[in-house]
Amino acid sequence: MRERAGCLVLKGNLFDFAIMKMSIAWEGFRQRYLSDPGHEGVFEGKAVVFDGSKDYHKRINDPSLAIDERSILVIRGVGPLDWLGSAEVVNMQPPDHLLKRGIISLPTIGDGRQSGTADSWSPAGVTC
C-alpha cells in the first residue's frame, strides 16, 4: 500500500482492528480534535454507544446523553455477525441541538459498513 493512498489500518485500546478512509482527516477535523496542547495527534472525547440503528434513532436526541462537539458516536451490533450483509448504518448525524449550532458531523465508529460519512472521522468494520 502506498502512503496516503486512501485507507489506514488502525488498532489500539478501543478496538483490535478497523479501516479508516484517510481523506476525511481534513484540517478542520485536525484543529478540532487533534491539536490539544501537549496531546497533539490524540483524540479524546466521550463515547456515546448505541446498540443498533433503532437504538440510535430512539436516543440520539436524548438530553441525558449530554452529547457535545467532543463526543464520538459508536454503533455496535450492525456488523456481519449481527446483521446479515453488514448494514450501512454507521453514517450517524449529531443530535438536533448540535445541527442547529452548525455542527454537521461528529466522529463515528461502528462494526458495520458506511456511506455518506465523507466529512466525518469514521473507522469502519471495527472488531473488538
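The values are calculated or read from the model by the stated rules, or taken from the named source; none is laboratory data. None of these values were measured; they are calculated from a predicted model. Note that we place each Cβ from the backbone using ideal geometry, even for glycine, and neighbour counts take in every protein chain shown.
Summary of computed values
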| item | result |
| --- | --- |
| Residue check, Gly79 of a type in the set (Gly, Ala, Ser), at pLDDT below 90, outside any loop (DSSP other than H, G, I, E, B) and over 20 Å from Gly28 (Cα atoms) | no |
| Residue that is modelled with the lowest pLDDT [pool: residues in region 24-39 that are surrounded by 10 or more Cβ atoms within 10 Å (Cβ to Cβ) and charged (D, E, K, R)] | Arg30 |
| Residue in region 40-61 that is out of contact with any Asp or Glu (no Cβ under 6 Å at 6 or more places or on another chain), in a strand (DSSP E or B) and at pLDDT below 85 present | no |
